[in-house]
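Q: I have a structure I would like to understand better, so I am pasting it below and will then ask my questions one at a time.
The values are calculated or read from the model by the stated rules, or taken from the named source; none is laboratory data. No experiment lies behind these values; they were computed from the predicted model shown. A quick note on method: Cβ atoms are made from the backbone with ideal geometry, for glycine too, and the neighbour counts reach across all protein chains shown. Areas reflect the complete protein model, heavy atoms only, side chains present, ligands, DNA and RNA absent. Shrake-Rupley method; radii C 1.70, N 1.55, O 1.52, S 1.80 Å.
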Amino acid sequence: MERDLVLALYDEYADSVYRVALGYLRAPCDAQDAVQSVFCKLLERELTVYPGRERAFLTKLTINHCKNQLAAAKRRAPAALDELELPAEPEDRVLWHAVMALPEKYRLVVVLHCLEGYSFAEIAGFLHITPSAVSMRLHRARKILSEELGRD
């Protein structure tokens, strides 16, 4: 892929790729490495990114990269939540900690739907589950969060 196109994609989607990677890997430094690896893959390989599908393509590439990283490393215990780059507002920090403490299958759905804005059908395609399973996981994640935080 051409360097200028990859740089344009990086400028537009690097933050989104970072958030998805952070949802999987939980450590900011690992998520930054994942962002770099994803965009390096675009430079090194002959990958076709269809116009209008760039975000979905990069999200799927990021998810696959993160799954490979987790499988290869047989991950150690997750990094301390204090090391994460947290939102500025104190109320948001509590919510961020609660989301990051969710089990992986719920955390990923929350990150992809609430932070990235993907539909249930898109998330289902990324995670190879049904849209109703996405809906149920999001429902259960919200229930866990409301019990922990004591609000909606």
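Q: Looking at this structure, is L138 open to solvent by 50 Å² or more (accessible area, probe 1.4 Å) and either at pLDDT 90 or above or not small (G, A, S) (or both)?
A: No, not satisfied.
Q: Of (1) out of contact with any Leu (no Cβ under 8 Å at 6 or more places or on another chain); (2) open to solvent by 30 Å² or more (accessible area, probe 1.4 Å), R93 satisfies all except one. Which?
A: Single failed check for R93: (1).
Q: Any residue that is β-branched (V, I, T), free of Cβ contacts under 8 Å to residues at least 40 places away in the same chain and open to solvent by less than 30 Å² (accessible area, probe 1.4 Å) - is there at least one of those in segment 18-33?
A: Within segment 18-33, not a single residue is β-branched (V, I, T), free of Cβ contacts under 8 Å to residues at least 40 places away in the same chain and open to solvent by less than 30 Å² (accessible area, probe 1.4 Å).
Q: Looking for something loosely packed, with under 13 Cβ neighbours inside 10 Å, at pLDDT below 90 and not in a helix (DSSP H, G or I) - is there at least one such residue anywhere in segment 61-74? Explain how you work it out, then say what you get.
A: Filtering segment 61-74 for residues loosely packed, with under 13 Cβ neighbours inside 10 Å gives 67-68, 71-74.
Subsequent filtering for residues that are at pLDDT below 90 retains 67-68, 71-74.
Adding the requirement that they be not in a helix (DSSP H, G or I) leaves 74.
Among the residues of segment 61-74, at least one is loosely packed, with under 13 Cβ neighbours inside 10 Å, at pLDDT below 90 and not in a helix (DSSP H, G or I), which makes the answer yes.
Q: Please count how many residues of segment 34-60 are in a helix (DSSP H, G or I), more than 20 Å from I123 (Cα to Cα) and either in contact (Cβ under 8 Å) with a residue 12 or more places away in the chain or open to solvent by less than 70 Å² (accessible area, probe 1.4 Å) (or both).
A: Counting residues in segment 34-60 that are in a helix (DSSP H, G or I), more than 20 Å from I123 (Cα to Cα) and either in contact (Cβ under 8 Å) with a residue 12 or more places away in the chain or open to solvent by less than 70 Å² (accessible area, probe 1.4 Å) (or both) gives 6.
Q: Name the residue, out of A121, A101, that is closer than 15 Å to G23 by Cβ and more than 11 Å from the chain's Cα centre (by Cα).
A: Working: A121 fails: closer than 15 Å to G23 by Cβ.
Checking each option against the conditions leaves just A101.
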